[in-house]
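The values are calculated or read from the model by the stated rules, or taken from the named source; none is laboratory data. Predicted, not measured: the structure shown is a model, and the values here were computed from it. All Cβ positions, glycine included, derive from the backbone under ideal geometry; neighbour counts span all protein chains shown. Each accessible area value is taken on the protein alone, full model and side chains, heavy atoms only, with ligands, DNA and RNA left out. Shrake-Rupley method; radii C 1.70, N 1.55, O 1.52, S 1.80 Å.
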Amino acid sequence: MIDCGELERAIGYSFVKKEILTRALTHASYTNEHKGFPNNERLEFLGDAVLQYVVTEKLCERFPDADEGVLTRYRSLLVDTERLIYIASQLQIEKYLFLSRGQKLDKKTNGKTLYADAIEALIGALYVDGGSACAKKFITEYIIPFIEDVISGDTKDPKTSLQELTQKLSFGTPEYILEKSAGPDHAKHFEVSVHIQGKKISTGEGNSKQQAEKKAAEQALKEKNWQYIDKKNI
């Protein structure tokens, strides 16, 4: 069994029910090899909802006059997968995860979305074991401080930037289409294309649909030619 004492000290909370923390750190791939061992998917689902709620509450407090669009953009940047992966790296979450043998060897997936999922599951575990105040404390300490980074500099999500550009050019809203997905459930790889007025502009790949859409939007922003075509002919 993995000793999670160092992780508990890092987050400033000692679990009353250690099995809840163990479940939060158990990837679905591990349960495929160890039947009857609960994985972290339910805690991840709960943690995601708690994270969204607390971040929304904090943003409303911080920006009392901001409209819904601004708050939504700030929230999406604060709970972005890459940010959660960064927090996971700060906590060295990879040391504590229960993974299948194959997953441990999968260098493309390790360090990616499963680490972000583990952070959401950890938030869910904190909520279950210590209550809403405990989960809120973690989010306030590890995620909310990034608000200043989000509002300073060029930190817009590329999907938001692309949509603002297409609407400014009267091209409407970009459409994201899943081109293909491959791999086992615990290590999916996605390819998504972005279309503007029915024309395929660019594609992106990633370990989640969200990540692939983000990459596709980034590429579309680099592609300048479509921006100068008569929108009737695009």
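Rounded, prolate or oblate: which fits region 147-199 when a ≥ b ≥ c are the square roots of the eigenvalues of the alpha-carbon gyration tensor, with rounded for a/c under 1.5 and prolate only if a/b beats b/c? Since a/c reaches 1.5 but b/c is at least a/b, the shape of region 147-199 is classed as oblate.
Projecting label points 7 angstrom from Cα along Cα→Cβ for Tyr53 and Ile144 puts them 1.5 nm apart. Spatially, region 162-229 and region 42-84 are offset by 23 Å when compared through their Cα centroids.
Solvent-accessible area of Thr22, all protein chains in place: 30 Å² (probe radius 1.4 Å, heavy atoms, ligands and nucleic acids excluded).
In the assembled protein chains, Ser89 presents an accessible area of approximately 60 Å² (probe radius 1.4 Å). On C-alpha positions alone, give me the angle between the axis of helix 68-78 and the longest principal axis of the chain, in degrees, nearest 10. Approximately 50 degrees, to the nearest ten.
Positive contributions from Lys and Arg (+1) and negative ones from Asp and Glu (-1), summed over other residues with Cβ under 12 Å from the Cβ of Ile123, come out at -4. Annotation: extensible slack from His189 through Glu68 equals 40.3 nm (criterion: 0.36 nm per residue apart, minus Cα-Cα distance). In this structure, the pairs whose alpha-carbon distance is over 29 Å, taken from Lys17/Lys137; Lys18/Lys209; Lys136/Lys180; Lys58/Lys199; Lys18/Lys215; Lys35/Lys136, are Lys18/Lys209; Lys136/Lys180; Lys58/Lys199; Lys18/Lys215; Lys35/Lys136. Extent of the chain along its three principal axes (Cα atoms, max minus min coordinate, largest first): 63, 44, 23 Å.
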